[in-house]
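The values are calculated or read from the model by the stated rules, or taken from the named source; none is laboratory data. Predicted model, so just to flag it, every value in this text is computed and none were measured. All Cβ positions, even for glycine, are placed from backbone atoms using ideal geometry, and neighbour counts span all protein chains on display. Note: areas computed on protein heavy atoms with side chains; ligands, DNA, RNA excluded. Shrake-Rupley method; radii C 1.70, N 1.55, O 1.52, S 1.80 Å.
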Amino acid sequence: TTYILYYICPLHTYFFLMVYFTMSLGRDLNYEKYGIRYKLMFVACLIFAFWDIDSPIWKLVHFFLGETPVLGATGGTMWEWYFRTTLDHWSTFLGMLFALNYPITSLWYRKLEAQPRRLEWLGKGIVGVALFGCFLAWVIGPFQRPKFEYNRTNAYFGFIPLITYIYFRNLTPALREYSLDLLHQIGKTTLETYLMQHHIWLTSNAKSLLTLIPGWPRVNMLLVTLIYFFTSRRLYKLTLYLRGMLLPGSRGACIRSLGCLFGSIIGFYEMALILRSYGYTSLTFVAIVCVVCGMILYRIVIDASWDQYQMSSPDLDGDQIPIVGAKCEKPQFNRSITRIAPPLFGAVALFVLGFTWHGMAEYGAGKIQPLPAHCSLFANDGQWIRVDGCNEAIRAEAYRK
């Protein structure tokens, strides 16, 4: 698996940093009438020069990305990254405009709804007709274009259906009182679901669905999808827990943790290069290295964060279950079971999942394998075969197949 398949992670960070630096640099201008306008005009010029003009700026900034075709990027990593970022390269800018105009839009709604009913719906109707006209033009025009042509226009017209939906979705106070929690729950784990699809939901480089129940495709899809979504939700929660442990509220502690994280990543990357250069890339050896390094990393994290956790934990009274107002005894990390149990359980889970997934990938029904030898008698060796749709014999044979 190549890193470009996980482009969604740096893509979020990429445009988050655009918003962060836009608002943090010269933050006093954010509260001036024309200051924020000048900043956004400058950002718009940068976006235009970066993505919409054929210039060497892109290659100069992304010089570290390769141009050799790899899995997931047939035109090279640099071109794939440009393609992924250019699809919505104006969305972040439009999002900032939307956020800045949200207060005045909300005020416009409230003032309009304070008017007599006829004037209220006259104003809302005029805006609604204009937006619906733009939406209709988008449906008839850009939306009907072939895929590759549409991709070139999405960054400039893709916001039209979004703005239209937002307007009609919040048209009345009654509509604004309700929301669908399902969309909220799905939206919280979109990043995790995207990442886990390559490891749980799909196999054979995203060419087939993982098969746990051969011969029952619908039941298998339901089971695999449930496991996929459950794992994604769990990964989301674990990410929140780890973020709280490794990136606390204190700026100094946060900077130290970031330094340790980058050091750990670089160290593991160097270790992977060394193992690869010496040919130690078998599943067994990699699993042993992962377990040993995981235990070491676990010990380092616990030693660094245990005191803070112990200070923030409630007092327990003996072995009683903690209840409101009850005295508790602070957890002790110096007990052997506390030190050994978590990494031991993690190692067992790693071995079980690793060998299970490896066995399914090698011998599972979802694995795409060469056809049996006896099928060569029926192969056409790449030659075209004339098909006559009016021939009853051919139609009957196709029906039976």
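Out of all the residues in region 106-134, which are open to solvent by 60 Å² or more (accessible area, probe 1.4 Å) and in contact (Cβ under 8 Å) with a residue 12 or more places away in the chain?
Residues satisfying the conditions are F132, C134.
I'd like the full set of residues that are within 35 Å of the chain's Cα centre (by Cα) and β-branched (V, I, T), limited to region 94-130.
Those that are within 35 Å of the chain's Cα centre (by Cα) and β-branched (V, I, T): I104, T105, V127.
Take the residues of region 49-82 that are of a type in the set (A, V, I, L, M, F, W, C), in a helix (DSSP H, G or I) and surrounded by 13 or more Cβ atoms within 10 Å (Cβ to Cβ): which is farthest from the chain's Cα centre (by Cα)?
Start the filter on region 49-82 by keeping residues that are of a type in the set (A, V, I, L, M, F, W, C), which leaves 49-51, 53, 57-58, 60-61, 63-65, 70-71, 73, 78-79, 81.
Then drop every residue that is not in a helix (DSSP H, G or I), which leaves 49-51, 57-58, 60-61, 78-79, 81.
Remaining after also requiring surrounded by 13 or more Cβ atoms within 10 Å (Cβ to Cβ): 50-51, 57-58, 78-79, 81.
On the way: F50: 24, W51: 22, I57: 27, W58: 24, M78: 20, W79: 20, W81: 15 Å.
That would be I57.
Are there any pairs with C-beta distances below 7 angstrom linking a residue in region 1-21 that is closer than 19 Å to A73 by Cβ and among the polar types (S, T, N, Q) to a residue that is open to solvent by 60 Å² or more (accessible area, probe 1.4 Å) and not in a helix (DSSP H, G or I), with the two at least 6 apart or on different chains, and if so which?
Correct list of pairs: T2/L71.
With respect to L240, determine if the residue is open to solvent by 50 Å² or more (accessible area, probe 1.4 Å), under 26 Å from Q197 (Cα atoms), among the aliphatic types (A, V, I, L, M) and not in a helix (DSSP H, G or I).
Values: open to solvent by 50 Å² or more (accessible area, probe 1.4 Å): yes; under 26 Å from Q197 (Cα atoms): yes; among the aliphatic types (A, V, I, L, M): yes; not in a helix (DSSP H, G or I): no.
Answer is no for this residue.
Is it the case, given these coordinates, that W138 is open to solvent by 60 Å² or more (accessible area, probe 1.4 Å), part of a helix (DSSP H, G or I) and either farther than 30 Å from Y228 by Cβ or in contact with a helix residue (DSSP H, G or I) (Cβ under 7 Å, 6 or more places away or on another chain) (or both)? Let's see the steps before the verdict.
Details: open to solvent by 60 Å² or more (accessible area, probe 1.4 Å): no; part of a helix (DSSP H, G or I): yes; either farther than 30 Å from Y228 by Cβ or in contact with a helix residue (DSSP H, G or I) (Cβ under 7 Å, 6 or more places away or on another chain) (or both): yes.
Against the criterion (open to solvent by 60 Å² or more (accessible area, probe 1.4 Å), part of a helix (DSSP H, G or I) and either farther than 30 Å from Y228 by Cβ or in contact with a helix residue (DSSP H, G or I) (Cβ under 7 Å, 6 or more places away or on another chain) (or both)), W138 does not qualify.
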